[in-house]
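These notes are about the structure you will find just below.
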Amino acid sequence: MRGVYLLAGAALALTSVWVAAQDAPESLLPKMFQDPAPATQAPPRPAPVKSSAPKAAASERAESTAVVQPLPGETGAPAAEGNGKTLKRVPTLEELAKMTPDDFQDLLGSNVVFDTPPQARRSMARAGLLDESEGGLPADSLAGEDAQMVETVLSGDKGALVSRWGHILLRRALVSRLQPPEGMTPQDFLALRVGLLLRMGETDAARAVLQDMDIADYTPAIGSTALEVYEKTADFTGLCPVMATQGSLQDSPEWNAAKTVCQAFRGNSASALSTLDRDMSRGTMPKIDLLLAQRYAGAAGKSRRAVTIEWDNVQALTPWRYGMAIGVGLEPPARLLDKAGPEYSYVTALAPMVGLERRAAAADQAGAAGVLSNSAMVDLYSQIYADPGVTGDWQDRAENLRDAYALPDAQARLAAMQSLWNGTGSDSVRYARQVLTAAAAARMPADEELAGESAPLITSMLSAGYDANAVRWASVVPAGSESWGLLMLAAPGRNAPADTSALDTFIAADESAGKRKAAFLVAGLAGLERLGADETGRYSNDMSLDLGRSSRWTSAIDSAARRGDSASVILLAGFGMQGTSWSRMTPRYLFHIVSALRQVGFEGEARMIAAEAVARG
């Protein structure tokens, strides 16, 4: 019966609007405070004016007029402002029972409108995070470029780069405040950039760039990208402002389920759960997806429904499933995580709701890829060290990291670092641990007694950009060693060409597959112009490197470098560095990338990429 009374009350509230409209409201103020009686005919509603005329606007605001809702069926009456509709009849109790909050808003004309004043709106012309003064690229870097070329490069890049430093540089370009190229809308340009950031595993950066555009300016392309962003950040409530104002941008099952979840977080959990039940009976989404949505939506209200999540019949993870799972504190089975791609590790490493041990394991991939910095990894291990609830191997590793920084003896600090590097079972994980110890390695003294272990130390330093610290070892490392080759590439401001006899020694001693390290060293030195043109040609012929052979990609990046187009060079460099390991990179591509970056003013990044190629090749 209580429900019937509530529905009858809602119907009475709707009809009372008409009753109130029949007579002017009676003022309860004393007569001395009442306004003079209004004229027989109310003046027409003044047209809104732009904010550029503040005096006129203030004058119009001072002249208030009575706001009376027109009677239903009244001819010539102005429509309600909320949605341009007038109420034709009172809904029945059955119709009211079936209405959602959105239906009520539509009926009463109370839909959310965009009321942000023009001066407070964000400019779409330069959406992004980094201004040029903050280290970003110039705003007009791509303004004069061919829109189709930019779209091809951004959409065709799968996001997995072989180089950590290439990843960092591409991220820097994508988050810069950039104007769209001529012929491309700001929304399409933003969607392409955010999409690539997501494929790179940069979920936090993608969300920040997305939120630099007002929701009022969203298009269906932005709506689809927004759903991906909030799925991969496990922040489905972040979509709720979009759903409240732009809920019709998409009509996919995931979008509608997310809209229902937002309905629960607006205080209508019972109705939301009922909607999800109907979706499950209709089969609009797989059962596991809707069960997770029910679990997520149930956290918002007092329904206290028990939702059991069973993974037995689930064959693969999706961003929706993983985001929903970690959002409600669940961990998918190991068999699904093992089959999932590295992008799920990047999400885990950045997710604050995941346990420290899982985040640390994921950091071994995120650190090597460039998603996590040395500082971020040290912060993570510091939390592990300070948490008494974390025991076992991860606590031991955190203690070893502390020893690598704090022990007074250099040999003991080196041993602590080696305990983190060795026994990882993967070159990628070993490199991630070298990123972790970069600052500790930079504190090591350049001692001849440690020269035999200098290569991993220098690799560790350069992984975080400590090139000045690495150069201190130049006087103690043997000529022609791997340490020598790394320093020949990484040393800043070096103008003298490399010693070819030492280079020959390096090539002869190289034991990598196909002498890949030696090939990368030659390509890097040539790209940095630290090897003469004659020597470059000779080594290219002797080692079959084909550094002079051209292709459409090499022609495009070389042309952009000659024009001084740094943004195009970075995008094309990222496009050319796609792959899961350095075995996918060719010396010819490395030569053109390093050379082009040097020509457009990114010599530091060019040096780090070349040195990384030799260290990980």
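Scan segment 200-216 for residues that are part of a helix (DSSP H, G or I), in contact with a Lys or Arg (Cβ under 9 Å, 6 or more places away or on another chain) and open to solvent by less than 30 Å² (accessible area, probe 1.4 Å) and jot them down.
Across segment 200-216, the qualifying residues are T203, A205, A206, V209.
Looking only at segment 580-615, count how many residues are modelled with pLDDT of 95 or more and either basic (K, R) or touching a strand residue (DSSP E or B) at 6+ places or on another chain (Cβ under 9 Å) (or both).
The number of residues fulfilling the criteria is 3.
Only one of these is touching a residue at least 24 places away in the same chain (Cβ under 8 Å) and under 17 Å from Y346 (Cα atoms): Y218, Y230. Name it.
Y230
Check off (1) open to solvent by 20 Å² or more (accessible area, probe 1.4 Å); (2) in contact with a Ser or Thr (Cβ under 8 Å, 6 or more places away or on another chain); (3) of a type in the set (A, V, I, L, M) for A560 and give me the number that stays unchecked.
If we test A560 against (1) open to solvent by 20 Å² or more (accessible area, probe 1.4 Å); (2) in contact with a Ser or Thr (Cβ under 8 Å, 6 or more places away or on another chain); (3) of a type in the set (A, V, I, L, M), just (1) comes out false.
Give the number of residues within segment 244-259 that are over 11 Å from A226 (Cα atoms), assigned to a helix (DSSP H, G or I) and of a type outside the set (D, E).
8
Quick check, is G370 open to solvent by less than 50 Å² (accessible area, probe 1.4 Å) and either on the phi < 0 side of the Ramachandran plot or touching a helix residue (DSSP H, G or I) at 6+ places or on another chain (Cβ under 8 Å) (or both)?
Values: open to solvent by less than 50 Å² (accessible area, probe 1.4 Å): yes; either on the phi < 0 side of the Ramachandran plot or touching a helix residue (DSSP H, G or I) at 6+ places or on another chain (Cβ under 8 Å) (or both): yes.
When the stated conditions are applied, G370 passes them.
Of all residues being assigned to a helix (DSSP H, G or I) and of a type in the set (S, T, N, Q) in segment 467-526, which is surrounded by the most Cβ atoms within 10 Å (Cβ to Cβ)? Just the residue, please.
The selected residue is S483.
From the list L292, L330, which residue is within 19 Å of T233 (Cα to Cα) and surrounded by fewer than 16 Cβ atoms within 10 Å (Cβ to Cβ)?
On the way: L292 fails: surrounded by fewer than 16 Cβ atoms within 10 Å (Cβ to Cβ).
Unique residue meeting the criteria: L330.
Suppose we keep only residues that are under 28 Å from the mean Cα position of the chain (by Cα) and β-branched (V, I, T) within segment 352-397. Which one would you say is farthest from Y466 (Cα to Cα)?
V354
Can you tell me how many residues within segment 274-327 are part of a helix (DSSP H, G or I), β-branched (V, I, T) and free of Cβ contacts under 8 Å to residues at least 40 places away in the same chain?
1
Across segment 377-390, which residue is nearest to A440 (Cα to Cα) among those that are open to solvent by less than 40 Å² (accessible area, probe 1.4 Å) and not in a loop (DSSP other than H, G, I, E, B)? Step through it out loud before you land on a result.
Within segment 377-390, the first condition is being open to solvent by less than 40 Å² (accessible area, probe 1.4 Å), and the residues that meet it are 377-378, 380-381, 384, 390.
From what's left, not in a loop (DSSP other than H, G, I, E, B): 377-378, 380-381, 384.
On the way: M377: 13, V378: 10, L380: 16, Y381: 14, I384: 18 Å.
Only one residue fits best here, namely V378.
Given L178, L197, which one is closer than 29 Å to A567 by Cα, part of a helix (DSSP H, G or I) and open to solvent by less than 30 Å² (accessible area, probe 1.4 Å)?
Among L178, L197, only L197 is closer than 29 Å to A567 by Cα, part of a helix (DSSP H, G or I) and open to solvent by less than 30 Å² (accessible area, probe 1.4 Å).
With (1) open to solvent by less than 10 Å² (accessible area, probe 1.4 Å); (2) outside any helix (DSSP H, G or I); (3) not hydroxyl-bearing (S, T, Y) as the list, and L457 as the residue in question, which single condition is left unmet?
(2)
Per-residue answers, yes or no, for (1) surrounded by fewer than 16 Cβ atoms within 10 Å (Cβ to Cβ); (2) of a type in the set (F, W, Y); (3) at pLDDT 90 or above:
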| site | (1), (2), (3) |
| --- | --- |
| P72 | yes, no, no |
| A80 | yes, no, no |
| K88 | yes, no, no |
| D103 | yes, no, no |
| D131 | yes, no, yes |
| V150 | no, no, yes |
| G166 | no, no, yes |
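Please go through (1) among the hydrophobic types (A, V, I, L, M, F, W, C); (2) touching a strand residue (DSSP E or B) at 6+ places or on another chain (Cβ under 8 Å); (3) open to solvent by less than 40 Å² (accessible area, probe 1.4 Å) for A160 and return the number of the only condition it doesn't satisfy.
(3) is the only condition that A160 fails.
Which one is surrounded by the most Cβ atoms within 10 Å (Cβ to Cβ) among residues in segment 344-361 that are of a type in the set (A, V, I, L, M, F, W, C) and farther than 19 Å from A206 by Cα?
Taking the candidates together, the pick is A360.
The values are calculated or read from the model by the stated rules, or taken from the named source; none is laboratory data. Not measured: the values here are computed from a predicted model. We place every Cβ from the backbone using ideal geometry, glycine too, and count neighbours over all the protein chains shown. SASA here: full protein model, heavy atoms, side chains in, ligands and nucleic acids out. Shrake-Rupley method; radii C 1.70, N 1.55, O 1.52, S 1.80 Å.
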